[in-house]
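The next block holds one structure in the form of structure tokens; read it before the comments.
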Amino acid sequence: MVHTDPDTNQLKCMTGMRFFSMIAVVVCHSVMVSASGFVSNPQYIEKMTSDPKSMSYINCHPITQTFFVMSGWLLSYHFFLSFEKANFQFTHILYAFIHRYVRLTIPLAVVVAITATWLPHFARGPLWDQVVGREYRSCRKNWWANLLYINNYYEEKNMCLPHSWYLAADIQLFLYSLLLLSIIWKNRRIASKVFAASLIMGVLVPGILAYIHDIHIVLRAYPENLQTRLVNLPEWSYFMVPGHTSIGGYTIGLIGGYLYYKNRNKKLFAKTYQHILWFVVVFSFPLTVILLGLLLHDDNYTPSSLETAVYVGLSRNLYAFGMCLMIFGFTQNIGWLVNDIVMIPDLQFLGKFSYCVYLVHFTIILIRSGHTRSTIYISDPEMIHRAIGDVVISTVFGVVLCLFVEMPTSALEKLIMSKERKSKVG
């Protein structure tokens, strides 16, 4: 379901947002892995949970909701746009899934294969097996779960490429959303009811799971937890990686795409007070979710099960709502300097490599950390230095993967699919 029209140019803001979100993810993982190594001042890590600026990378897991929002938005918009002048057929849904599966899987398979075979031989160091060993052993054992996109449910504590949980959740929510959109297409009058039901489920499911399993209100970024990259925490299995706990964020994206489709030729934010309100909501919601980590990491604060359920149910969804409203504002040409930044041509160009950068970045970070041969003194400048290095190197290898694997595969897939469609028409 690929459709191009002038309105699509307004959605280029997503490429810039994707670039900045990717940088944020790499920085968060860089800090996490750096803090899990042999540090000479572990008290720095202990104090991070009481430092406001540290919340941006300690309590940063809601950032992935930005990707879910954008995926849901684009799926919804292109779904309705594609069937505007064409008859709805199941084969179109099948083609959409095949296109997405092939595009995501081939580069993923290459990274999994390299991790399971060559990774152990890339470098050496006293921490090499501790840092890297678990990674390649998990890939040798559970590589197939990644290719089937069930790795966020099957042995999620021993997941090959732990950051690939997002890809599995994205595919699962993509299929779920295709079902929702198909139902809505058959009966447009129930669109609001279907979206509302899905959104309510997206809030209730993680909240109820948090209440039942009595999980902690946030992922505790303590040294002992960072040593295992958080995967042994119950929050990882019950809240962080399952696809069903991100239904809310994806649904918010679906709603945004549908509303944009319905109002793409209208000017909705014309008054100054609306622009001001947009700024307040867009930045206050995500920042509040992240900075609340200061209170929630306080050892003197013990939330009740109900408080935990409310926060877990609402936090990522409020963050997703802020990101969705940001996109909607950009499509209405508001945002001033922020809009100008995400539309910078160079960032638009780099944003096209985001997927491959995401695939390789965690392995790059592990190699750097595992190769360390002495203790490190952690400080803000040291963290920044390491994060910048990880971002640059990950981008370089991500570009290589994109140019030599993703782009050729995508071009070949489009050629084969176009010939298949033409043969059926003929």
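The values are calculated or read from the model by the stated rules, or taken from the named source; none is laboratory data. Computed from a prediction, not measured in an experiment: that's the story for all the values here. Note that each Cβ is placed from the backbone with ideal geometry, even for glycine, and that neighbours are counted across all protein chains shown.
Taking helices (runs of 4 or more DSSP H) as the structural unit, those lying wholly within segment 144-227 and holding at least 1 residues that are surrounded by fewer than 21 Cβ atoms within 10 Å (Cβ to Cβ), modelled with pLDDT of 95 or more and hydrophobic (A, V, I, L, M, F, W, C) correspond to 165-186, 191-213. Restricting segment 23-53 to residues that are small (Gly, Ala, Ser) and more than 21 Å from residue 322 (Cα to Cα), the residue that is modelled with the lowest pLDDT is 50. The combined condition, being under 22 Å from residue 17 (Cβ atoms) and buried (at least 16 other Cβ atoms within 10 Å of the Cβ), is fulfilled by residue 391. Suppose the filter is in contact with a strand residue (DSSP E or B) (Cβ under 6 Å, 6 or more places away or on another chain), among the β-branched types (Val, Ile, Thr) and either farther than 25 Å from residue 264 by Cβ or crowded, with 20+ Cβ neighbours inside 10 Å (or both); does residue 378 pass it? The answer is yes for residue 378. Considering segment 358-409, the residues that are of a type in the set (Ser, Thr, Tyr) and closer than 30 Å to residue 98 by Cβ include one that is farthest from the chain's Cα centre (by Cα), namely 409. Mind checking which residues of segment 54-65 are farther than 15 Å from residue 163 by Cα and either among the aromatic types (Phe, Trp, Tyr) or within 15 Å of the chain's Cα centre (by Cα) (or both)? Within segment 54-65, 57, 59 meet the criteria. Inspection of segment 289-311 identifies no residue that is within 18 Å of residue 69 (Cβ to Cβ), out of contact with any Gly (no Cβ under 9 Å at 6 or more places or on another chain) and crowded, with 23+ Cβ neighbours inside 10 Å. In segment 3-69, counting only helices (runs of 4 or more DSSP H) that sit wholly within it, the ones holding 2 or more residues that are farther than 30 Å from residue 129 by Cα span 13-35. Looking only at segment 234-292, residues that are of a type in the set (D, E, K, R), in contact (Cβ under 8 Å) with a residue 40 or more places away in the chain and over 25 Å from residue 198 (Cβ atoms) come to 1 in all. Among the residues in segment 71-93, are any among the aliphatic types (A, V, I, L, M), in contact with a Ser or Thr (Cβ under 6 Å, 6 or more places away or on another chain), over 29 Å from residue 290 (Cα atoms) and modelled with pLDDT of 80 or more? No, that holds for no residue.
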